[in-house]
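Novice: Okay, here's the structure, questions in a sec.
The values are calculated or read from the model by the stated rules, or taken from the named source; none is laboratory data. Small disclaimer: the values here were computed from a predicted structure and weren't measured. Heads up, the Cβs are rebuilt from the backbone with ideal geometry, glycines too, and the neighbour counts pull from every protein chain shown. Quick note on the areas: whole protein, heavy atoms, side chains included, nothing else; ligands and nucleic acids left out. Shrake-Rupley method; radii C 1.70, N 1.55, O 1.52, S 1.80 Å.
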Amino acid sequence: MLTTTKDMLEQAYKGHYAIPAVNTQGGTYDIIRSVCKAAEEMRSPIILAHYVNTGSYSGHAWFYETAKWMANQVDVPVAIHLDHGESFERCMEMLKIGFTSIMFDGSNLPVAENAAATEEVARVCRSFGVPLEAEIGELARLDEKGTITGASNIADPDIVKEYLSLCNPDSLAIGIGNAHGFYKGPVDIHVEVLEKCREFTDIPFVLHGCTGMDDKLIQRSIQSGVAKINFGTQIRYKYVEYLKKGLQDGIDEGHAWKLSQYAEKELRNDIKDIIRIAGSEGKA
């Protein structure tokens, strides 16, 4: 059933678990179906996440309509989320389409500008009853070899405190050394940043870049108030892996739907593992 992230994140924060948010690769039906079906089987709330670049093929409205239809085929809470909305205009576009959760990412801006831009988006979202996620401390990006290709900002708790004095998002992603992509070698994650920030705010936190992160780090982050954990890279790689295996094993028998069905069902096990890590099983 389609809902917003407002109640699910607040309940997760209070209950010391997290809600998984899975990037659906621009509205790929197999991934959307797998996420929703796995969540229903595990009785977990779930978030279908959409990153603008991955939606360039199918279109943003296609993602929304597919996600909305699938959300209404299951009886657990499902939210449709914009991941890393880069501008006011982009966030408004997705809000108009019908997204039930919006993220504005102004983490590349100076703190005062980030806060002002965040609050501008938040004001409109509030009027539509849609929660807003924000970010401070820009995340790095990792290439296929695990090499950092962008900034890796570990947020200063004092800056986070200043930021939250200037704006009021519903949830907040804080840079703690995490990155998008595959980690290679030990992951230098500074959970103590979250623990320090928790001393002055009760806003639910969000942890991006969870693919390849140690489960114990994720769970420690959840105990520090992370109520949403994001997975993208792991899921898209697994999905393609299952498609390749299905072709290799002749699962398709010349039918695209048989290949899709195989990949979708295999992927459910990976989604279930994420739900277990999040601790959200049985919370719907």
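For every residue, the table says whether it meets (1) of a type outside the set (A, V, I, L, M); (2) modelled with pLDDT of 95 or more.
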site: I203; (1), (2): no, yes
site: G212; (1), (2): yes, no
site: I218; (1), (2): no, no
site: T233; (1), (2): yes, no
site: G246; (1), (2): yes, yes
site: L259; (1), (2): no, yes
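Novice: When you go through (1) open to solvent by 20 Å² or more (accessible area, probe 1.4 Å); (2) assigned to a helix (DSSP H, G or I); (3) at pLDDT 95 or above one by one for A115, which number turns out not to apply?
Specialist: All conditions are met except number (1).
Novice: Just give me the residues in the range 211-231 being assigned to a loop (DSSP other than H, G, I, E, B) and either within 15 Å of E135 (Cβ to Cβ) or of a type in the set (D, E, K, R) (or both), in sequence order.
Specialist: Selection gives D214 alone.
Novice: Now, a different point. Mind counting the residues in the range 144-172 that are at pLDDT below 95, under 20 Å from the mean Cα position of the chain (by Cα) and either basic (K, R) or not in a loop (DSSP other than H, G, I, E, B) (or both)?
Specialist: 1
Novice: Could you grab me the full set of residues in the range 70-90 that are closer than 19 Å to F128 by Cα, open to solvent by less than 10 Å² (accessible area, probe 1.4 Å) and either small (G, A, S) or in contact (Cβ under 8 Å) with a residue 40 or more places away in the chain (or both)?
Specialist: Selection gives V78, A79, I80, H81, G85.
Novice: Within the range 40-59, track down each residue that is more than 14 Å from T100 (Cβ to Cβ) and surrounded by 15 or more Cβ atoms within 10 Å (Cβ to Cβ).
Specialist: Listed by number, the residues that qualify are E40, E41, M42, S44, Y51, V52, T54, G55, S58.
Novice: Scan the range 95-107 and give yes if some residue there is more than 19 Å from V22 (Cα to Cα), in contact with a helix residue (DSSP H, G or I) (Cβ under 9 Å, 6 or more places away or on another chain), open to solvent by 10 Å² or more (accessible area, probe 1.4 Å) and modelled with pLDDT under 95, otherwise no.
Specialist: Looking through the range 95-107, at least one residue is more than 19 Å from V22 (Cα to Cα), in contact with a helix residue (DSSP H, G or I) (Cβ under 9 Å, 6 or more places away or on another chain), open to solvent by 10 Å² or more (accessible area, probe 1.4 Å) and modelled with pLDDT under 95.
Novice: May I ask you to say which residue of R268, R276 is open to solvent by 40 Å² or more (accessible area, probe 1.4 Å), closer than 14 Å to A38 by Cα and of a type in the set (K, R)?
Specialist: R276
Novice: While we're here: For D202, which of the numbered conditions (1) assigned to a loop (DSSP other than H, G, I, E, B); (2) within 15 Å of T24 (Cα to Cα); (3) charged (D, E, K, R) fails to hold?
Specialist: Among (1) assigned to a loop (DSSP other than H, G, I, E, B); (2) within 15 Å of T24 (Cα to Cα); (3) charged (D, E, K, R), D202 violates only (2).
Novice: Within the range 235-261, can you find the residues that are touching a Leu at 6+ places or on another chain (Cβ under 8 Å), open to solvent by 40 Å² or more (accessible area, probe 1.4 Å) and not aliphatic (A, V, I, L, M)?
Specialist: K238
Novice: Cβ contacts < 9 Å: first residue within 18 Å of A39 (Cβ to Cβ), restricted to the range 6-19; second residue of a type in the set (F, W, Y), any location; separation 6+ or different chain. Result?
Specialist: Partner pairs satisfying both residue conditions: Q11/Y17.
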